Every structure is written in structure tokens, then in C-alpha cells.
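Following: one structure in C-alpha cells, then a few remarks.
The values are calculated or read from the model by the stated rules, or taken from the named source; none is laboratory data. Bear in mind that the values here come from a model prediction, so they are computed numbers and not experimental data. For neighbour counting, all protein chains shown are included, and Cβ atoms are generated from backbone atoms with ideal geometry for every residue, glycine included. Heavy atoms of the whole protein, side chains included, go into the accessibility calculation; ligands, DNA and RNA do not. Shrake-Rupley method; radii C 1.70, N 1.55, O 1.52, S 1.80 Å.
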Amino acid sequence: MTTVLVTGANRGIGLEFVRQYAADGAEVIACCRDPAGAAELQAVADASGGRVRPVQLDVASAGDIAALKAALTGRPLDIVINNAGISGPPRQSADDIDVEGWLEAFRVNTVAPVAVAQALHENLKAGAQKKLVAITSQLGSTTNNGGQRYAYRSSKAALNNAMRGLSRDWAGDGIAVGIFHPGWVKTDMGGQAAPVTPEQSVTGLRQRIAELGRENSGAYRDYAGHALPW
């Protein structure tokens, strides 16, 4: 049985990952800050026949990451999906940036995915598929930077760079790293004007994950498989 761990699993893209993988028979470790308050996630777990296990994890908490590592000691993981992220502070323009909010965006969007990956390195090495996935954004592209959203853009650009590094440093362990833009998705973050549904996004992302291997590890692509400029 495939075992998948998803962060930010209580809503939006993360919750859809849980739904789809569980429906296909995978065992899903569904991480979020407050599982008890995540009604939709709990409903999916209740209907899964035990395949979905909600787990408490605040990715910005070193203590929570350490606890997750301890709880999963010796447990192989096939796919780890770093999905949790934030949009950054309201003030992040060229003329007015909330510095503390910017640092928080880096902590959640950049540092946390690397910390989670490091904590679960041995689990991935023990897994059959050995796939590490980061849900990033096309706004992390330096080539296509059109200005504005400094905190979000820079935190995602740094995430891309860090995941590219892991794709090289962990290649010897057989771990493949996917860096994927999910599209402009109709979620709390993306808004209702977004043209892509979570179901459409995750269907595409799962195809990209299925295709992920040594030959395309570290590539920066969108959910439809298009290469994105760094």
C-alpha cells in the first residue's frame, strides 16, 4: 500500500490530495494545525475505513516537527507533499513591507518544507517510491517577476531553490523531488475568481507525481506538466 503524508491537509489543495489518494486506496497521514477543528478532514477520515489518519502539525513549530519525526520513526513513506503555506502579510509592496510578516512567510513557505523534509528523510529513504513534493507557485519565478507581493514571491523563489538543492543532495538516496505550481486554484488563498478547481489541480498534480523520477527530479513545472522559468 502506498503511504502519503500531506501537510496543510485540512482545506483546499491539501484536503483534495487526501481525498484523491484515499479514494485510490492509499494510506494518508493528513497533517494540519488543528485536526479536531478540521470538520471536512475528519469527515474524509471517518469515511476512509481507517486509511486517513489526521495528525497535528504546525509546520512553523520545530517542536511539532520533532514530534512528527518521533511518531513516524521506522515507518516508510512513499510520498511526502509539502503543501502548507501562507500568502504573506497584507503589506508587501515596493513602498510598504511588513518585515515581521515577511519573515513569517519565509518561515512557513521556505524553511518549514525543508525542515519537514529533513525530519522525514529516513522515512523517504525507506519508502518504495521515495518522492518529495513541494507545492510552490509560478510567482516564485524570478524570470517572470512582475513586481508586487514581495514576501510571497521571494519565499516561493527560495523554496524552489532549496528543493532544487535537495534534488541534487539526496539523489544518491534515490529520492526524487518535484517542484510544482498547482495553478490558480479556487481556494481560500486563490479566491473564487480562480479558474481551476482543487479537483482539477490535484488530478494534474498527482499525474506529475506519478511521472516523477530520477530523470526529472528538481524540475519546476505546473500541474499540467509545463516547464516554468526559474
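Do any residues in the range 87-112 that are more than 23 Å from Trp184 (Cα to Cα) have Cβ atoms under 7 Å from those of residues that are assigned to a loop (DSSP other than H, G, I, E, B) and open to solvent by less than 30 Å² (accessible area, probe 1.4 Å), where the two are at least six apart or on different chains, and which pairs are they?
From the range 87-112, the pairs are Ala94/Gly147; Asp98/Pro89.
Out of (1) assigned to a helix (DSSP H, G or I); (2) of a type outside the set (Lys, Arg); (3) open to solvent by 60 Å² or more (accessible area, probe 1.4 Å); (4) farther than 24 Å from Thr197 by Cβ, the odd one out for Gly74 is which?
Going through the list (1) assigned to a helix (DSSP H, G or I); (2) of a type outside the set (Lys, Arg); (3) open to solvent by 60 Å² or more (accessible area, probe 1.4 Å); (4) farther than 24 Å from Thr197 by Cβ, Gly74 breaks only (1).
Any idea which residue in the range 172-201 is farthest from His121 (Cα to Cα), counting only those that are in a helix (DSSP H, G or I) and out of contact with any strand residue (DSSP E or B) (no Cβ under 9 Å at 6 or more places or on another chain)?
So the residue we want is Glu199.
From Val44, Val59, Val80, grab the single residue that is assigned to a helix (DSSP H, G or I) and open to solvent by less than 70 Å² (accessible area, probe 1.4 Å). Working first, answer last.
Details: Val59 fails: assigned to a helix (DSSP H, G or I); Val80 fails: assigned to a helix (DSSP H, G or I).
Result of the check over Val44, Val59, Val80: Val44.
Do you know which residues across the range 153-184 are touching a helix residue (DSSP H, G or I) at 6+ places or on another chain (Cβ under 6 Å) and over 18 Å from Val133 (Cα atoms)?
Listed by number, the list holds a single entry, Arg153.
Step by step: first the residues of the range 89-107, then only those that are assigned to a loop (DSSP other than H, G, I, E, B) and touching an Asp or Glu at 6+ places or on another chain (Cβ under 8 Å), then the one that is most open to solvent (accessible area, probe 1.4 Å). Which residue is that?
Taking the range 89-107 and keeping what is assigned to a loop (DSSP other than H, G, I, E, B), we get 89-91, 93-96, 98.
Going one step further and asking which of them are touching an Asp or Glu at 6+ places or on another chain (Cβ under 8 Å), we end up with 89-91.
Working: Pro89: 11, Pro90: 136, Arg91: 108 Å².
Checking each candidate, the answer is Pro90.
Quick check on my filter: what residues within the range 134-161 are in contact (Cβ under 8 Å) with a residue 24 or more places away in the chain and not in a helix (DSSP H, G or I)?
Answer for the range 134-161, where residues must be in contact (Cβ under 8 Å) with a residue 24 or more places away in the chain and not in a helix (DSSP H, G or I): Ala134, Ile135, Thr136, Ser137, Ser141, Thr142, Thr143, Asn144, Gly147, Gln148, Arg149.
Conditions first: (1) part of a helix (DSSP H, G or I); (2) over 15 Å from the mean Cα position of the chain (by Cα); (3) among the hydroxyl-bearing types (Ser, Thr, Tyr). Thr110 passes all but one, so which condition is the exception?
(2)
Suppose we filter the range 178-218 for residues that are open to solvent by 70 Å² or more (accessible area, probe 1.4 Å), touching a residue at least 40 places away in the same chain (Cβ under 8 Å) and closer than 17 Å to Ile86 by Cα; how many remain?
Here the count works out to 2.
In the list Arg164, Arg168, Arg221, which residue meets the criterion of being open to solvent by 10 Å² or more (accessible area, probe 1.4 Å), within 21 Å of Thr110 (Cα to Cα), touching a residue at least 40 places away in the same chain (Cβ under 8 Å) and assigned to a strand (DSSP E or B)? Step through it out loud before you land on a result.
Details: Arg164 fails: assigned to a strand (DSSP E or B); Arg168 fails: assigned to a strand (DSSP E or B).
None of the others qualify; the one that does is Arg221.
Can you name the residue in the range 1-15 that is among the polar types (S, T, N, Q) and part of a loop (DSSP other than H, G, I, E, B) and, of all such residues, is farthest from Ala126 (Cα to Cα)? Talk me through it step by step, then tell me what you get.
Kept after step one, since they are among the polar types (S, T, N, Q), are these residues of the range 1-15: 2-3, 7, 10.
Add one more test, that the residue is part of a loop (DSSP other than H, G, I, E, B), and what stays is 2, 7, 10.
Values: Thr2: 12, Thr7: 20, Asn10: 27 Å.
Checking each candidate, the answer is Asn10.
When you scan the range 16-29, do you find a residue that is part of a strand (DSSP E or B), at pLDDT 95 or above and either of a type in the set (A, V, I, L, M) or open to solvent by less than 30 Å² (accessible area, probe 1.4 Å) (or both), even just one? Break it down stepwise before answering.
In the first step, residues of the range 16-29 are kept if they are part of a strand (DSSP E or B); the result is 27-29.
Right, trim to at pLDDT 95 or above and you get 27-29.
Now narrow it down to the ones that are either of a type in the set (A, V, I, L, M) or open to solvent by less than 30 Å² (accessible area, probe 1.4 Å) (or both): 28-29.
Looking through the range 16-29, at least one residue is part of a strand (DSSP E or B), at pLDDT 95 or above and either of a type in the set (A, V, I, L, M) or open to solvent by less than 30 Å² (accessible area, probe 1.4 Å) (or both).
Ala66 fails exactly one of the following numbered conditions: (1) under 19 Å from the mean Cα position of the chain (by Cα); (2) surrounded by 14 or more Cβ atoms within 10 Å (Cβ to Cβ); (3) not in a loop (DSSP other than H, G, I, E, B). What is the number of that condition?
Going through (1) under 19 Å from the mean Cα position of the chain (by Cα); (2) surrounded by 14 or more Cβ atoms within 10 Å (Cβ to Cβ); (3) not in a loop (DSSP other than H, G, I, E, B) one by one, Ala66 breaks only (2).
If Pro229 meets every condition in (1) in contact with a Gly (Cβ under 8 Å, 6 or more places away or on another chain); (2) under 28 Å from Ser93 (Cβ atoms); (3) assigned to a loop (DSSP other than H, G, I, E, B) apart from one, which number is that one?
(1)
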